[in-house]
């Protein structure tokens, strides 16, 4: 285990060191201590390493991640895992707004709650939240899965495309063009897989699926007067 | 952008450290607001008298002999305690309106920052570190205080455009965000007879709350109606004589983190601002909900009221 004290080493050196790790590095286990809510910790990683951040982080932790696993032993600030491509981010506490925004792939797990705009414009990332999520989550979500074991706030999935949302608790309101959908066998299997991967014990049959009603996809001549 | 910090002490033994803790929180928020900074601090009861914080760009001229001139005009003892560009006036109770009128007459370059029994507001243009140093904020004690670092978007970088804004006796407001209907609301409030000094959007927010409360609303009710009447982005933190409150607009783009232990309740625009607080690792840390008014007071139990968006 390599330990980096962020207050001693500084953010740029820390990220530079992590960026220098290649696919065949022997130093696969890293620990960052004293994060003190700093921004952009462990951003832009691209190697199969595991980074544990011992404390709470600020903006954009684990942003643009590829291959790496980032564990945050605390709460995470706005934009955590923004544009994640692959790999895994696990947040032991709560996540602030726009978690995993525009994420293309990989998995983000939140053990606490996620705030507003969780998974906004998601493009293939899977997000599993053990608690609740805030308003405007998965706005314009294009693909990927958002799993919520608690409740969802206002306007879930507003103007979404093909992203899927599984919510166990209540949904305060659905956004424009988002609707409740049937839970078929294939969805139960998919959801069980996501819960297993996230290490969360929950029964897929207790969840409701939501997704796009697909009425905003194409220009409709009957709406011409509205423009 | 802007940064906000707030600290409300439950444990009286921390009171001598309030200024020091708030200064550290404020300086951490420098990169959210390097233009100007300000702090409102509640402490030093004036024992039956009223305090006014005033500011002047030419303090040597304006504050010399001010105590005698005011004492003569108001009839009663007046103390003037100068701190850099600011001065704390201690006046006979109930004389703030007279004092304001007198100041406008004898020394029009003096600006009133705050009034109340325990509130003092210090704010200036410059880096938060330099502003805090100028007024020796770190040596102040008190029961609670709020601070602001400003990155101006809606109006000029001036002392009067800096936060906190005084909204009424012992009340103040800081703001992160931008109000988009401040011009029309300023016209409306001016027609209703409310004094608004600058073209700043937050001053309109502050004046709006003052106006609501003059018309009988409690601070909590005024904050709730602000959710209907103010258009734009805002996280507001308000200070009162015995507590502080937090409200975010329904969209809640502007960041906010709160922490609570048995010793204090703290607010920060980011978690970074809170990391030097005592035993922060054991605190309950959470993000305040949008369109919800939170309140902590030394006199009553904490309250939360949600307003339908």
Worksheet entry | R0 of 41 Å, Cβ-Cβ distance residue B:169-residue A:173: FRET efficiency to nearest 0.05 | 0.50
Fill in: Sites residue B:106 and residue B:279, calculated FRET efficiency, Cβ-Cβ separation with R0 60 Å, nearest 0.05
0.75
Item to complete: Send over the Kirkwood Rh of the range A:151-227, from the inverse of the averaged 1/r over different Cα pairs, rounded to one decimal Å.
Response: 13.9 Å
Response to the item:
In nm, the gap between the two label points placed 7 Å beyond Cα toward Cβ at residue A:189 and residue B:57 is 7.5 nm
Item to complete: Measure nothing but the geometry: give the 0 to 90° angle between the long axis through the Cα atoms of B:201-214 and the longest principal axis through the Cα atoms of chain B, rounded to 10°.
Response: 80 degrees
Worksheet item: Can you give the percent of C-alpha pairs in chain B whose distance is more than 30 Å?
Response: 27 percent
Item to complete: Could you work out, for the range B:219-259, what percent of all Cα-Cα pairs fall into each 5 Å distance bin, beginning at 0 Å and stopping at the bin that holds the largest distance?
Response: 6, 21, 33, 22, 14, 4
Item to complete: Please build a GNM for chain B, connecting alpha carbons under 10 Å apart, and tell me which residue among B:72, B:95, B:254 fluctuates the most.
Response: B:72
Worksheet, complete the sentence: Note: B:264-275 gets an average of partner chain Cβ contacts (10 Å, Cβ to Cβ) equal to 4
Discussion item. Which three extents, in angstrom, do the Cα atoms of the range A:27-123 have along their principal axes, listed largest first?
Written reply: 34, 24, 20
Fill in: Largest-first principal axis extents of the Cα set of the range B:32-82 (Å)
45, 29, 13
Fill in: Folded to 0 to 90 degrees: helix B:18-28 orientation relative to chain B principal axis, Cα
70 degrees
Worksheet item: What percent do you get for the relative contact order of the range B:13-156 when only Cα pairs under 8 Å and 6+ apart count?
Response: 48 percent
Fill in: Size of the range B:85-165 as Cα extents on the principal axes (Å, biggest first)
34, 31, 19
Worksheet item: Mean separation of Cα pairs under 8 Å and 6+ residues apart, divided by the residue count of chain B: what relative contact order is that in percent?
Response: 23 percent
Worksheet item: Hey, with R₀ at 51 Å, roughly what FRET efficiency would residue A:19 and residue B:188 work out to, going by the Cβ-Cβ distance, to 0.05?
Response: 0.40
Worksheet item: Using 7 Å Cα-to-Cβ label points, what is the residue A:27/residue B:218 separation (nm, one decimal)?
Response: 5.8 nm
Worksheet item: Fewest to most neighbouring Cβ within 10 Å: what's the order for B:66, B:173?
Response: B:66, B:173
Practice prompt. Could you please rank B:244, A:165, placing first whichever residue has the fewest other Cβ atoms within 10 Å of its Cβ?
Written response: B:244, A:165
Practice prompt. Would you mind telling me the antiparallel percentage of the DSSP bridges in the protein assembly as shown, rounded to 5?
Written response: 65 percent
Worksheet item: What share of all Cα pairs of chain A, in percent, falls into each consecutive 10 Å distance bin?
Response: 9, 34, 31, 16, 7, 1, 0
Discussion item. Can you compute the equivalent ellipsoid semi-axes for the protein assembly as shown, i.e. the square root of 5 times each eigenvalue of the Cα gyration tensor, sorted largest first and rounded to whole Å?
Written reply: 47, 27, 19
Worksheet item: Rounded to two decimals, what is Rg over Rh for the range B:45-117 when you use alpha-carbon atoms and the Kirkwood radius?
Response: 0.91
Worksheet, complete the sentence: Going from the fewest other Cβ atoms within 10 Å to the most, one would list B:172, A:149 as A:149, B:172
Worksheet, complete the sentence: Most packed first (mean Cβ within 10 Å per residue), the peptides B:52-58, A:15-21, A:215-221, B:222-228 order as B:52-58, B:222-228, A:15-21, A:215-221
Discussion item. How large is the translational diffusion coefficient of the range A:106-199 in µm² per second when you combine the Kirkwood radius over alpha carbon pairs with Stokes-Einstein at 20 °C and 1.002 mPa s?
Written reply: 169 µm²/s
Worksheet entry | Contact order normalised by residue count of chain A, Cα under 8 Å, 6+ apart, percent | 10 percent
Worksheet item: What percent of all Cα-Cα pairs in the range B:208-309 falls in each 5 Å bin, counting up from 0?
Response: 2, 12, 22, 23, 20, 11, 6, 2, 0
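No value in this document is a laboratory result; all are computed from the given coordinates. What you see is a predicted model; the values in this text were computed from it and never measured. A quick note on method: Cβ atoms are made from the backbone with ideal geometry, for glycine too, and the neighbour counts reach across all protein chains shown.
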